[in-house]
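A quick write-up on the structure given underneath.
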Amino acid sequence: MPSATQPPEKMMFQLSLRRRGISDQAVLHAMEAVPRDLFVEPEDRAYAWRDSALAIACGQTISQPFVVAYMTEQLQLRPGHRVLEIGTGSGYQAAILSRLCRQVISMERFKTLADRARNRLEQLRCDNVEVLLGDGFDVPAGAGQFDRIIVTAAMREIPQALLERLEPDGILIAPVGPQHSAQTLIRVHRTKDGFERKPLVDVRFVPALPGIAREL
Ligand code: SAH
């Protein structure tokens, strides 16, 4: 029976994530706890708990919940981890990450999106997330090294400089492939012998573009 605190669409949301194979309890809890309706455009609130990507400002998208849960699960986060996200967008993925690790640095090239995401994350008291206006192809040296890196915009290839930002035994997940068609989610593990790449599933993301956006 749906309870007063658990509306039916939220129960279906959890159920569909489980059905599609998400089994990490911590990830499922985070997906349950973060109110996705706060991250979509006000006119899309009614669709916030559906398993689909939605348009946000600046011509970008908030990813499909299954893909957010899947990428998060594949990161194998631990509470002590420091995580870099490239492509803050709405801030939804960053809010999920914030519940599962020590610190999140999230980079976004649109000022409007960075500002809005920062506000939402403050409202939800995700105090361990820092949103930076910047280019994920040019991560500031001062940001240091990361246990995990998640890229949420499609890259033609993963820059070696980004891989070098992984700590030993670190994991990076990124959609790789041509823009404006399907890409493959790639998982890279930094081992003592180098970088091991494993293709996961096909996905569709907006492109990663260089530089800070000139439009707001
Ligand atoms: N993770 C987001 C969805 C990302 S959409 C969410 O949970 O809502 C992809 C985002 O990547 C867009 O906002 C886009 O502006 C941003 N982006 C694209 N190229 C980038 C780059 N080089 N550096 C930083 N952000 C980038």
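The values are calculated or read from the model by the stated rules, or taken from the named source; none is laboratory data. Owing to the predicted nature of the structure, the values given are computational and were not obtained by experimental measurement. Cβ atoms come from the backbone with ideal geometry, glycine included; neighbour counts cover every protein chain shown. For the accessible areas, the whole protein counts, side chains as well, though only heavy atoms, and no ligand, DNA or RNA atoms are used. Shrake-Rupley method; radii C 1.70, N 1.55, O 1.52, S 1.80 Å.
Just a few scattered comments:
- Unique residue being surrounded by fewer than 20 Cβ atoms within 10 Å (Cβ to Cβ) and closer than 18 Å to residue 82 by Cα when the list is 204, 187, 156: 187
- Top-ranked residue in region 76-135 [being touching a helix residue (DSSP H, G or I) at 6+ places or on another chain (Cβ under 6 Å) and of a type in the set (Asp, Glu); ranked as farthest from residue 148 (Cα to Cα)]: 108
- Among (1) under 24 Å from residue 182 (Cα atoms); (2) open to solvent by less than 30 Å² (accessible area, probe 1.4 Å), the one test that residue 16 misses: (2)
- Selection status of residue 6, more than 20 Å from residue 73 (Cβ to Cβ), open to solvent by less than 50 Å² (accessible area, probe 1.4 Å) and not hydroxyl-bearing (Ser, Thr, Tyr): yes
- Qualifying residue in region 90-105 (condition: in a loop (DSSP other than H, G, I, E, B) and either under 25 Å from residue 211 (Cα atoms) or β-branched (Val, Ile, Thr) (or both)): yes
- Residue in region 122-132 that is within 29 Å of residue 40 (Cβ to Cβ), among the polar types (S, T, N, Q) and open to solvent by less than 70 Å² (accessible area, probe 1.4 Å) present: yes
- The residues on offer are 161, 213, and the sole one that is of a type in the set (A, V, I, L, M), within 16 Å of the ligand (Cβ to nearest atom) and open to solvent by less than 50 Å² (accessible area, probe 1.4 Å) is 213.
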